[in-house]
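Data block below; observations after.
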Amino acid sequence: MFTEDQLISISALQHWLFCQRQCGLIHLEQIWIENQLTAEGRVLHEKVHQSDAEFAGDARIVRGLRLVSFRLGLVGQTDVVEFHKSDRGIALPGTNNLWQPFPVEYKRGKPKKDNSDCVQLCAQAMCLEEMLKTEINFGAFYYQRPRRRTEIEITKQLRQQTENIVQNVHQMFESKNTPRADYEQKCKNCSLVGVCMPKTTGLNKRVDYYLSKAGNDEGLIE
Ligand code: SF4
């Protein structure tokens, strides 16, 4: 079990999948620079979190629920959790029914090619399971472009992948080392490219590389 000061943000998992160095810069070194993409995402999430809890048909909608898992060492916040009237799930105050929690994440763009969104949703579901002592096997995304709701299953395989990533990110925190840069196409869309300087700080541009190159140039290294 993790303690409160060891908890890492669920958002670190997505950053880790996008770029391990970006994850280190944001979560270890506390560097954050906004660009148009991150600003649009932030505004969308702020809007979603501002709305009050409400009823929609047979579902109760709760926004901006704080999440924690001491088993996984995670902390975060949902966009929306729908509680669907069901024959299993949890009891909600003021009602006589059982309710099945169903997390929903709002996304600024279209579905990503990698499964970082699914990992984020799975991490949220696992936090909710621990907090509410129930099982959650489904969740959904609401993508803005095109406007579409996509349901996903929280499979055993997705849970395992998520736990592996959580472990890797905890290891990075324990090591206190930000991974090195690896310049790739994605760097062009990264808001941290100015501080990261991936072309300069990448794997082939390490100090030992320069030293060995200088040594070779001067005939000092055989
Ligand atoms: S610029 Fe590239 S290497 Fe650096 S943090 Fe961003 S994605 Fe990662």
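Quick look at the numbers
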read-out	value
Cα→Cβ-extended label distance, 7 Å offset, between D114 and F2, nm	1.9
Segment 96-177: GluC sites (Glu not before Pro) in DSSP loop, at most 13 other beta carbons within 10 Å	E135
Relative pair counts by distance (%), Cα atoms of segment 4-179, 5 Å bins	1, 8, 16, 21, 21, 16, 10, 4, 2, 1, 0
Amide H partners (placed H, <5 Å) of E105, local residues excluded	A140, F141, Y142
Charge context of L92, other residues only, Cβ under 11 angstrom, K/R +1, D/E -1	+2
Sequence-distant lysines (8 or more away, or on other chains) whose Cα lies within less than 22 Å of K199	K186, K188, K213
In nm, spacing of pseudo-spin labels at Q144 and E184 (7 Å Cα→C-beta vector)	2.4
Distance between segment 143-196 and segment 86-122 - C-alpha centres, whole angstrom	20
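The numbers here are math on the coordinates, done by the rules we state, and not lab data. Keep in mind that this is a model prediction, so the values were computed, not measured. FYI the Cβ positions are ideal-geometry reconstructions off the backbone, even for glycines, and counts take in every protein chain you see.
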